[in-house]
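Heads up, the thing below is written out as structure tokens.
The values are calculated or read from the model by the stated rules, or taken from the named source; none is laboratory data. This one's a predicted model, so the numbers in the text were calculated from it and none came from an experiment. Neighbour counts are summed over all protein chains in view; Cβ atoms, including those assigned to glycine, are modelled from backbone coordinates with ideal geometry. Surface areas here come from the heavy atoms of the whole protein model, side chains and all, with no ligands, DNA or RNA. Shrake-Rupley method; radii C 1.70, N 1.55, O 1.52, S 1.80 Å.
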Amino acid sequence: MEQLSQWLWKQEYWLPPGIRWEDMEKMEGSRRPLPRDLLLALGFIMLRYAFERRVAFPLSRVLGVKDQVRLKVTPAPNLEAFYTKNSRQPTRSEITSLVNQCDLTHRQVETWFRNRRNLDRPSNSKKFCEASWRFVFYLVAFTAGLVSLINTAWFWDQRECWRGFPQQPVQDAHYWYYMLELGFYWSLLLCVSVDVKRKDFKEQIVHHFATIFLLGFSYCSNYIRIGTLVMLVHDSSDFLLESAKMFNYAGWKKTCDSLFVIFAAVFLVTRLVVFPSKIIYTTLVLSMEVFEPFMGYYFFNALLLVLQALHIYWAYLILRMIYKFLFLGKLDKDERSDVESEPEEEENEEEEEEQEDRSSWRKRKVVLDSRLAMLSSSCVLNNLTNQKADANRRLPKAR
């Protein structure tokens with residue numbers, strides 16, 4: 001175990017050439033980065049749980065968030081076992097075999113699985129609570145980060161990030177800024193199994209891992225100055241997205257659309273212009289004016305490039321939504337992270353079935369109307385014929 005610890009904390013991995021851990025301990029200032037500080041981040045999970053129960057849920061009722069009424073399924077042990085162990089969406093052949101096992105029709109089995117999937121779908125209240133928690137965090141983090149950085153030299157001149165590196169004392173405000181961000185992303189990663197599963201689930205997992213490694217490594221290697229700028233750039237647009245989601249779940253469509261347009265503009269500028277031109281250029285090029293490349297240099301920049309690749313992917317989704325809004329006249333839900341993949345398919349299936357039922361009912365109605373018309377016309381013809389026959393019988397008597 002001691003050998004593993006010595007290998008993990010080798011100074012060649014974390015510090016530039018010529019710098020030792022002993023030199024970091026002699027650093028002036030009230031704080032210096034310590035790896036054990038990362039454990040303070042795990043308390044965020046309990047804070048989130050309390051916030052969603054005590055603040056977010058009552059707020060959802062005030063804003064008018066409504067949950068759809070979902071039908072309960074009848075107890076069916078065979079179907080429940082298949083649902084939990086095999087698949088949530090059985091094929092036609094599997095449904096046929098399940099029909100033979102249960103005293104239900106093919107249609108009833110399909111309906112049972114549809115209603116069972118609906119019970120597992122997250123409600124609007126749950127999604128609102130999750131979005132409100134993220135909104136509050138991103139807003140607080142962005143405001144606190146901006147206040148703590150706006151008067152620093154490296155906020156305006158990125159070369160100052162490397163002046164005296166790595167023996168740079170950490171200010172209290174920046175220490176807590178790091179702890180806040182680390183705690184939040186640890187809570188996102190640890191709660192990923194219970195959070196709403198979204199279309200870009202895999203991309204979000206990659207993003208969480210890259211962010212945690214980036215923050216953890218930059219903290220231990222004292223990349224604090226450039227790390228604070230990275231966090232500030234990311235927080236500048238995320239709180240707008242979460243606020244748009246909140247109003248979407250509450251049914252405030254115009255407010256949601258307006259906030260999303262603002263979010264899209266801020267996201268494209270900060271992630272596709274500011275981040276590569278200021279942050280990545282600073283770490284790749286300007287840092288070489290102070291020290292030679294080492295293992296931590298390559299690792300840190302690789303994580304930044306991973307984040308930039310995700311930015312480009314999400315920017316593509318946002319631009320596609322803007323295209324639909326401008327040329328098709330509609331603004332769909334956020335394709336970046338707000339739409340769940342499975343529930344959307346289920347809703348589409350229900351809508352298609354409803355449309356099929358309506359179309360089949362319309363066809364039947366047309367057929368019934370045509371038959372009624374034929375029947376009424378035949379009745380009218382029969383009446384006219386009978387009246388004419390009666391008139392012909394009465395003519396000889398009148399003569």
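Just wondering, is there one or more residues in the stretch 125-139 that are charged (D, E, K, R), crowded, with 18+ Cβ neighbours inside 10 Å and under 30 Å from Tyr175 (Cα atoms)?
Yes: the stretch 125-139 contains one or more residues that are charged (D, E, K, R), crowded, with 18+ Cβ neighbours inside 10 Å and under 30 Å from Tyr175 (Cα atoms).
Looking at the stretch 108-120, which of the residues that are open to solvent by less than 30 Å² (accessible area, probe 1.4 Å) and of a type in the set (D, E, K, R) is farthest from Phe57 (Cα to Cα)?
Only one residue fits best here, namely Arg114.
Have a look at Ser243, Ser287, Ser258 and point out the one that is on the phi < 0 side of the Ramachandran plot and either assigned to a loop (DSSP other than H, G, I, E, B) or in contact with a Leu (Cβ under 6 Å, 6 or more places away or on another chain) (or both).
Ser243
For the stretch 140-159, enumerate the residues that are of a type outside the set (Ser, Thr, Tyr) and surrounded by fewer than 17 Cβ atoms within 10 Å (Cβ to Cβ).
If the condition is that a residue be of a type outside the set (Ser, Thr, Tyr) and surrounded by fewer than 17 Cβ atoms within 10 Å (Cβ to Cβ), then Val140, Ala144, Leu146, Val147, Ile150, Asn151, Ala153, Trp156, Asp157, Arg159 are the ones that fit.
Output the qualifying pairs, or none if there are none: Cβ atoms under 6 angstrom, residues six or more apart or on different chains, first residue in the stretch 86-107 and touching a residue at least 60 places away in the same chain (Cβ under 8 Å), second residue surrounded by 12 or more Cβ atoms within 10 Å (Cβ to Cβ).
From residues that are touching a residue at least 60 places away in the same chain (Cβ under 8 Å), the pairs are Arg88/Arg117.
Suppose we filter the stretch 292-315 for residues that are farther than 21 Å from Gly216 by Cα, more than 33 Å from the chain's Cα centre (by Cα) and surrounded by 14 or more Cβ atoms within 10 Å (Cβ to Cβ); how many remain?
Number of matching residues: 0.
Please go through the stretch 172-204 and pick out each residue that is free of Cβ contacts under 8 Å to residues at least 24 places away in the same chain, farther than 29 Å from Leu149 by Cβ and either in a helix (DSSP H, G or I) or not polar (S, T, N, Q) (or both).
Across the stretch 172-204, the qualifying residues are Val192, Val194, Lys202.
Can you confirm whether Ser218 is surrounded by 22 or more Cβ atoms within 10 Å (Cβ to Cβ), polar (S, T, N, Q) and under 18 Å from Thr143 (Cβ atoms)?
No, not satisfied.
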